[in-house]
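Below is one structure, written out as structure tokens; the observations come after it.
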Protein chains: 2
Amino acid sequence: MVAPESIHDGFELANTRRTLPILLLSAREAVMEHFRPLLHAHDITEQQWRVIRVLQERGEMDASRLADLACILAPSLTRMIKALEARKLVASRRDETDGRRSLISLTEKGRTFIATVAPSSARIYADIEARVGTELLQRLTDDLVALRTALDDEL
Amino acid sequence: MVAPESIHDGFELANTRRTLPILLLSAREAVMEHFRPLLHAHDITEQQWRVIRVLQERGEMDASRLADLACILAPSLTRMIKALEARKLVASRRDETDGRRSLISLTEKGRTFIATVAPSSARIYADIEARVGTELLQRLTDDLVALRTALDDEL
DNA sequence: CGCTATAACTTAACACGTTAATGATGCTGC
DNA sequence: GCAGCATCATTAACGTGTTAAGTTATAGCG
């Protein structure tokens, strides 16, 4: 499929299709392809789904932490919270002890929404797990965490 | 860092932070973080950089194939080609034998541009390779390809 | 040849990614 | 107490992701 040359010789650009950015991007695309029909059917974006799931798992938190955990930038989150509030899936309030912070939480409607979508989502993930195989999936999970750790510039 | 429970039990949602979509997203983010200053300094986006690199590696091709290889959707590519043409980094022309197709190619200026940025880019990739380690990088590369293959619905 | 279907792009509309700048609040030291 | 700096959130501007609809061109078929 691809020439079996070394990934990178240190002097020239690597084959674009074999670089980490594209491999990670296309792998992610292959995974998301399976979830998209479900999310679309429930009129929610992938990013919004991440946000409300994080809220369900960890409860109310400020916007910065939510953005960090859901892998979403602050400006995007600001826009999304407005949309999710309009649908009454989340609620936000000012932190009383720190007026700069905005605390976001899941509403009862939000919890119900997740409960509605969760079974299908879990089924899709189980199908992916079955296709990929437990061994490969486990190794990938560990290696991806290791990759992040190796690249994290501990400031 | 994360509770050492099984990835997924088949009945409930997995821990969001341990799911493939987020792992792949955050790993990619960790990698791109290192390239962003360079790309920004040359006033080019990550996606545009992918597009012109694919053109350099494989030469003139039609838009569909280019979009596929660079992992970019057709509507995005249409917009990008306009921008890249305005900067005279790429050129496009109609396919003479199939009037529907648009053939995209790198200009001389485009080649020069890549030659200018390539050394820094290669240095950054080499640094990443050094941090991550050859073994982990090689295994990840293979596993990510395997993941894509496993999930590809061969239509 | 003409009709229909399909394919390759293009456009449009809306959401998110990314960077920079602004506003508001908190904090620190004097 | 207040001036100056840091932090959190928001806004703005532009590029890309995503889906749907629209254009133009080709292919198939009677």
Report task. Taking B:L13 as the residue in question, decide whether it is within 7 Å of chain A (Cβ to nearest Cβ), within 19 Å of B:L140 (Cα to Cα) and more than 17 Å from the chain's Cα centre (by Cα). Result -> no
Query - Enumeration of residues in the stretch A:35-51 that are within 10 Å of chain B (Cβ to nearest Cβ) and away from DNA strand D (no atom under 11 Å from the Cβ) - result: A:W49, A:R50, A:V51
Report summary line: Among residues of the stretch A:91-108 being away from DNA strand D (no atom under 12 Å from the Cβ) and under 15 Å from A:R50 (Cα atoms), the residue surrounded by the fewest Cβ atoms within 10 Å (Cβ to Cβ) is A:S105
Report task. Hey, can you tell me all the residues within the stretch B:63-80 that are more than 7 Å from DNA strand C (Cβ to nearest atom) and among the small types (G, A, S)? Result -> B:A67, B:A70, B:S76
Query raised in the report: If you go through the stretch A:81-113, how many residues are more than 15 Å from DNA strand C (Cβ to nearest atom) and either in contact (Cβ under 8 Å) with a residue 40 or more places away in the chain or in contact with a Cys (Cβ under 7 Å, 6 or more places away or on another chain) (or both)?
Result: 3
Query raised in the report: Looking at B:G133, is it on the phi > 0 side of the Ramachandran plot, under 19 Å from the mean Cα position of the chain (by Cα) and within 14 Å of another protein chain (Cβ to nearest Cβ)?
Result: no
Query - Among (1) among the hydroxyl-bearing types (S, T, Y); (2) outside any strand (DSSP E or B); (3) modelled with pLDDT of 95 or more, the one test that B:T149 misses - result: (3)
Query raised in the report: Would you call A:R58 within 16 Å of the chain's Cα centre (by Cα), among the charged types (D, E, K, R) and over 22 Å from B:L20 (Cβ atoms)?
Result: no
Query raised in the report: Only one residue in A:R50, A:R28, A:R17 is modelled with pLDDT under 95 and surrounded by 15 or more Cβ atoms within 10 Å (Cβ to Cβ). Which one?
Result: A:R17
Query - All positions within the stretch A:62-86 that are within 13 Å of chain B (Cβ to nearest Cβ) and under 12 Å from A:S105 (Cβ atoms) - result: A:L66
Query raised in the report: What number goes with the only condition from (1) surrounded by 12 or more Cβ atoms within 10 Å (Cβ to Cβ); (2) touching a residue at least 24 places away in the same chain (Cβ under 8 Å) that A:G59 does not pass?
Result: (1)
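The values are calculated or read from the model by the stated rules, or taken from the named source; none is laboratory data. The model shown is predicted, which means the values in this text are computed figures rather than measured ones. Methodologically, a virtual Cβ is constructed for each residue, glycine included, from the backbone with ideal geometry; neighbour enumeration extends over all protein chains shown.
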